[in-house]
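The values are calculated or read from the model by the stated rules, or taken from the named source; none is laboratory data. In this text, all values refer to a predicted model and were calculated from it rather than measured experimentally. Reconstructed Cβ throughout: ideal geometry from the backbone, glycine too, with neighbour counts over all protein chains shown. For the accessible areas, the whole protein counts, side chains as well, though only heavy atoms, and no ligand, DNA or RNA atoms are used. Shrake-Rupley method; radii C 1.70, N 1.55, O 1.52, S 1.80 Å.
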Protein chains: 2
Amino acid sequence: MNTLYLKEMESWYKNQLLTNTLPFWFPRSVDMDFGGYLLMRDADGSLIDDDKAVWIQGRAAWLLSTLYNTVEKREEWLQGAKAGIDFLLNHCFDTDGRMFFHVTREGRPLRKRRYFFSETFAVIAFAAYAAASGDETIAAKARELFGTCMQYASGEKQLPSKFTATRPSKGIGVPMILMNTAQQLREIIGDERCDTYIDQCIKEIEACFVKDGIRCVMEQVAPDGSIIDHIDGRTLNPGHAIEGAWFILHEAVYRNNDPQLIQLGCRMLDYMWERGWDKEYGGIFYFRDVYDKPVQEYWQDMKFWWPHNEAIIATLLAYIITGNEKYRQWHELVHRYAYDHFSDKEHGEWFGYLHRDGSIAQTAKGNLFKGPFHLPRQEWYCYRLLHNYLKK
Amino acid sequence: MNTLYLKEMESWYKNQLLTNTLPFWFPRSVDMDFGGYLLMRDADGSLIDDDKAVWIQGRAAWLLSTLYNTVEKREEWLQGAKAGIDFLLNHCFDTDGRMFFHVTREGRPLRKRRYFFSETFAVIAFAAYAAASGDETIAAKARELFGTCMQYASGEKQLPSKFTATRPSKGIGVPMILMNTAQQLREIIGDERCDTYIDQCIKEIEACFVKDGIRCVMEQVAPDGSIIDHIDGRTLNPGHAIEGAWFILHEAVYRNNDPQLIQLGCRMLDYMWERGWDKEYGGIFYFRDVYDKPVQEYWQDMKFWWPHNEAIIATLLAYIITGNEKYRQWHELVHRYAYDHFSDKEHGEWFGYLHRDGSIAQTAKGNLFKGPFHLPRQEWYCYRLLHNYLKK
């Protein structure tokens with residue numbers, strides 16, 4: 001193991017998180033008038049929209065609670081987290097129990113989508129805040145909402161569908177997000193359902209989405225796991241699959257370095273690094289086609305911030321678990337690419353969207369889909385991982 | 001007027017249409033087994049998906065019928081058109097009368113969307129085919145379906161909504177597409193409702209979407225025409241507004257060069273050329289923000305094929321109507337940019353998607369959104385426009 005490298009990275013991530021990333025967002029983003037957070041900001045931090053994206057409200061509350069729980073007991077983080085939790089509870093649930101996707105600054109609903117990701121991010125926010133505040137009613141709320149998510153996933157509770165029943169399919173996103181939500185619930189406040197449920201998610205991912213014969217992790221498959229040979233069915237999301245890989249490697253560590261899970265996580269990472277890394281310009285492509293046909297989504301060869309956050313975590317975790325120098329080299333490659341290209345040296349935080357060649361496509365730091373989550377989570381996760389590893 | 005330029009362009013468009021664009025699609029795309037068209041094709045024409053996009057099925061049937069009506073009475077065009085019309089009638093309507101958006105090769109439904117654009121393209125296909133075939137029941141069907149479209153637009157028939165009622169908005173797309181549908185219905189098979197309805201569409205566009213004070217055509221506004229100062233409300237689509245400009249210039253010509261309509265169409269073109277033309281790399285940006293803030297849609301600075309088709313028509317029409325040399329220069333600029341960058345010298349037709357710098361982002365000639373429409377319509381419209389003008 002290259003301990004010098006790991007030490008250097010430990011202090012890099014801690015320093016970036018606390019002196020660069022976090023100060024871009026807080027304290028200014030806590031909405032003192034209406035609760036929640038004002039997160040849609042341009043490069044220099046100026047507000048471009050005062051609407052609130054429910055996913056990101058939950059993620060920001062999770063972040064502040066998590067920092068309070070694991071880094072330092074700063075009162076401003078706890079108070080900041082409370083602003084988000086209260087906003088979620090008071091304004092982000094519809095009368096049918098489902099959560100909205102997009103609300104106004106005051107919390108009036110603009111849009112509800114046909115997915116339950118607002119809910120999964122609220123679960124981790126509630127769990128982390130419950131641990132920070134000691135509030136047992138919020139812990140109960142987290143567990144209850146996780147139960148609802150499991151019902152959406154199993155189909156016991158039905159969500160409106162975008163497609164007819166003609167060509168049924170399922171996405172890797174559901175078992176992935178549920179696995180990660182269960183991991184956090186278990187590790188933050190404890191929940192007896194989680195071990196079995198995580199097992200089930202991993203089994204589904206391995207059985208249906210991981211294709212060893214073609215060295216690939218599918219994003220979408222038929223219910224029996226077969227490849228749907230149409231444009232959508234062939235579309236791969238390498239950054240997403242690499243995120244799935246580190247969720248599984250995280251589980252491997254939790255289970256005392258379970259060798260089968262290590263092997264599965266590393267296979268997923270290997271396959272999607274090969275398919276996702278742009279050998280010409282560097283960085284990770286957004287979408288690829290499993291058979292290298294044209295991808296329909298227009299931004300398919302752009303470089304987005306979050307796949308790089310996921311790949312930084314996955315390669316570091318793989319290196320620490322296996323000691324395989326290949327993963328250290330990949331980590332160094334993606335880390336350097338990302339901090340060279342996405343990082344805003346003037347105002348802090350990262351730009352979100354680069355063209356394929358690495359030039360900046362637009363300057364927003366926050367919008368309906370980007371906020372204080374993937375980057376600070378990566379810096380926090382890597383810092384803690386390295387800190388704990390180097391202590392031993 | 002630069003008659004030499006116009007003569008050169010006349011033969012260019014006719015030649016491109018008949019020897020480059022059309023042969024890419026036909027006859028091979030007519031599905032002899034299931035009817036309709038197989039249009040999702042890679043650069044070399046190989047099929048990447050056998051699904052059928054209902055918008056494009058209608059547009060292709062319109063194209064073949066229109067060529068039969070206006071260019072030459074080729075039996076293969078009439079037969080080809082019939083394959084699309086039958087497929088639309090037999091497979092693309094749901095039991096509630098609404099049309100699907102995406103069906104399988106056999107015509108089984110995959111997706112129905114919350115818009116009525118499948119319907120508007122079916123109206124023009126039915127009208128053009130009715131004229132070609134002399135089939136009065138299809139003409140009646142076109143008129144009936146146009147009536148349904150007007151009911152969707154007025155709200156008399158309700159469509160499911162993507163957004164809550166919190167922040168009502170309306171898009172320029174609805175009056176634009178209805179105006180153009182009415183223009184074609186009127187000019188192909190005649191319909192008494194159309195003149196008044198077109199008037200109403202133009203009045204709405206001028207009153208609510210055209211902002212002279214800031215030299216802009218909005219894509220979306222509040223019901224009273226005010227600008228919604230949020231990310232979505234600020235997002236402009238220059239190519240779309242330029243398409244609206246030529247629909248209005250077309251109406252001006254139809255009404256014996258109505259000076260007010262000429263002035264309105266030219267203003268819209270001027271405003272959105274200023275905002276949409278990329279002075280650094282050439283070509284028309286996909287989206288812009290009215291106040292130059294970051295645009296959320298990821299592909300905002302890419303160059304898509306269709307805005308260039310619309311701009312080629314709009315600038316040529318503006319030049320022929322006004323004789324203003326500025327429009328000839330703009331026409332030459334966008335024509336040259338487009339045929340230099342989009343046109344596939346090897347296999348014919350155009351690529352659909354360029355990066356901002358003009359390099360090709362992906363190679364598909366046809367998918368769920370691209371097919372034999374914008375390019376052949378532009379070549380057909382410009383050829384006919386020039387042919388009729390030069391005859392005089």
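Odds and ends about this structure:
- Residues that are touching a strand residue (DSSP E or B) at 6+ places or on another chain (Cβ under 8 Å) and either β-branched (Val, Ile, Thr) or surrounded by fewer than 22 Cβ atoms within 10 Å (Cβ to Cβ) (or both) within the stretch A:80-90 comprise just one, A:Ala83.
- Test: residue in the stretch B:323-340 that is part of a strand (DSSP E or B) and either more than 14 Å from every other protein chain (Cβ to nearest Cβ) or within 19 Å of the chain's Cα centre (by Cα) (or both): no
- When the test is whether a residue is outside any helix (DSSP H, G or I) and either among the basic types (Lys, Arg) or outside the structural domain of A:Asp86 (by TED's automatic domain parsing) (or both), A:Lys141 does not pass it.
- Considering residues of the stretch A:341-361 that are more than 18 Å from the chain's Cα centre (by Cα) and hydroxyl-bearing (Ser, Thr, Tyr) only, the residue surrounded by the fewest Cβ atoms within 10 Å (Cβ to Cβ): A:Ser359
- The listed residues are A:Asp357, A:Asp270, and the only one of them that is of a type outside the set (Lys, Arg) and either free of Cβ contacts under 8 Å to residues at least 40 places away in the same chain or within 14 Å of chain B (Cβ to nearest Cβ) (or both) turns out to be A:Asp357.
- Residue in the stretch B:59-68 that is outside the structural domain of B:Ala364 (by TED's automatic domain parsing), touching a residue at least 40 places away in the same chain (Cβ under 8 Å), touching a strand residue (DSSP E or B) at 6+ places or on another chain (Cβ under 7 Å) and under 26 Å from B:Glu346 (Cα atoms) present: yes
- Some residue of the stretch A:93-111 being outside the structural domain of A:Thr21 (by TED's automatic domain parsing), among the aliphatic types (A, V, I, L, M) and assigned to a helix (DSSP H, G or I): no
- Residue check, B:Val210 within 29 Å of A:Lys365 (Cα to Cα), among the aliphatic types (A, V, I, L, M) and open to solvent by less than 30 Å² (accessible area, probe 1.4 Å): no
- B:Arg28 satisfies every condition listed in (1) in contact (Cβ under 8 Å) with a residue 40 or more places away in the chain; (2) part of a loop (DSSP other than H, G, I, E, B) except (1).
- Residue tally, condition closer than 19 Å to B:Tyr197 by Cα and either open to solvent by 10 Å² or more (accessible area, probe 1.4 Å) or acidic (Asp, Glu) (or both), over the stretch B:221-256: 8
- Every condition in (1) crowded, with 17+ Cβ neighbours inside 10 Å; (2) touching a residue at least 60 places away in the same chain (Cβ under 8 Å); (3) under 21 Å from B:Ser11 (Cα atoms) is met by B:Gly323 except one, and the failing one is (1).
- Inspection of the stretch B:166-176 finds a residue satisfying the criterion of being aliphatic (A, V, I, L, M) and out of contact with any strand residue (DSSP E or B) (no Cβ under 9 Å at 6 or more places or on another chain).
- Among (1) part of a helix (DSSP H, G or I); (2) out of contact with any Phe, Trp or Tyr (no Cβ under 7 Å at 6 or more places or on another chain), the one test that A:Lys73 misses: (1)
- Of the helices (runs of 4 or more DSSP H) lying entirely inside the stretch A:194-265, those containing at least 1 residues that are closer than 17 Å to A:Thr315 by Cβ and not polar (S, T, N, Q) span A:238-254.
- If only residues of the stretch B:38-65 that are open to solvent by less than 10 Å² (accessible area, probe 1.4 Å) and under 19 Å from B:Ile188 (Cβ atoms) are counted, the one that is nearest to the other protein chains (Cβ to nearest Cβ) is B:Gln57.
A quick yes/no check of all residues on (1) farther than 30 Å from B:Leu354 by Cα; (2) part of a loop (DSSP other than H, G, I, E, B); (3) within 19 Å of the chain's Cα centre (by Cα):
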position	(1), (2), (3)
A:Pro372	yes, yes, yes
A:Gln378	yes, no, yes
A:Tyr381	yes, no, yes
A:Asn388	yes, no, no
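- Hey, A:Lys293 at negative phi and more than 14 Å from chain B (Cβ to nearest Cβ) or not: no
- Yes/no for B:Lys203 being open to solvent by 60 Å² or more (accessible area, probe 1.4 Å) and in the same structural domain as B:Tyr381 (by TED's automatic domain parsing): yes
Residue by residue, here is whether (1) more than 27 Å from B:Gly225 (Cβ to Cβ); (2) in a helix (DSSP H, G or I) holds:
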residue: B:Ala125; (1), (2): yes, yes
residue: B:Ala131; (1), (2): yes, yes
residue: B:Leu145; (1), (2): yes, yes
residue: B:Glu156; (1), (2): no, no
residue: B:Ala165; (1), (2): no, no
residue: B:Leu178; (1), (2): no, yes
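- Within the stretch B:92-133, the set of residues being open to solvent by less than 20 Å² (accessible area, probe 1.4 Å), out of contact with any strand residue (DSSP E or B) (no Cβ under 8 Å at 6 or more places or on another chain) and polar (S, T, N, Q) comprises just one member, B:Thr120.
- Looking only at the stretch A:131-185, and only at residues there that are within 14 Å of chain B (Cβ to nearest Cβ) and touching a Lys or Arg at 6+ places or on another chain (Cβ under 9 Å), the one that is nearest to A:Pro223 (Cα to Cα): A:Arg167
- Pair list, Cβ < 9 Å and 6+ apart or interchain, from the stretch A:297-313 residues that are under 18 Å from A:Glu349 (Cβ atoms) and of a type in the set (Val, Ile, Thr) to residues that are open to solvent by less than 10 Å² (accessible area, probe 1.4 Å) and modelled with pLDDT under 95: none
- Top-ranked residue in the stretch A:273-286 [being among the hydrophobic types (A, V, I, L, M, F, W, C) and buried (at least 22 other Cβ atoms within 10 Å of the Cβ); ranked as nearest to the other protein chains (Cβ to nearest Cβ)]: A:Phe285
- Residue tally, condition of a type outside the set (A, V, I, L, M), within 19 Å of the chain's Cα centre (by Cα) and open to solvent by 20 Å² or more (accessible area, probe 1.4 Å), over the stretch B:171-196: 4
- Residue in the stretch B:364-387 that is touching a strand residue (DSSP E or B) at 6+ places or on another chain (Cβ under 6 Å) and away from chain A (no Cβ under 14 Å) present: yes
- Residues of the stretch A:300-318 satisfying the condition of being among the polar types (S, T, N, Q) and under 12 Å from the mean Cα position of the chain (by Cα): A:Asn309
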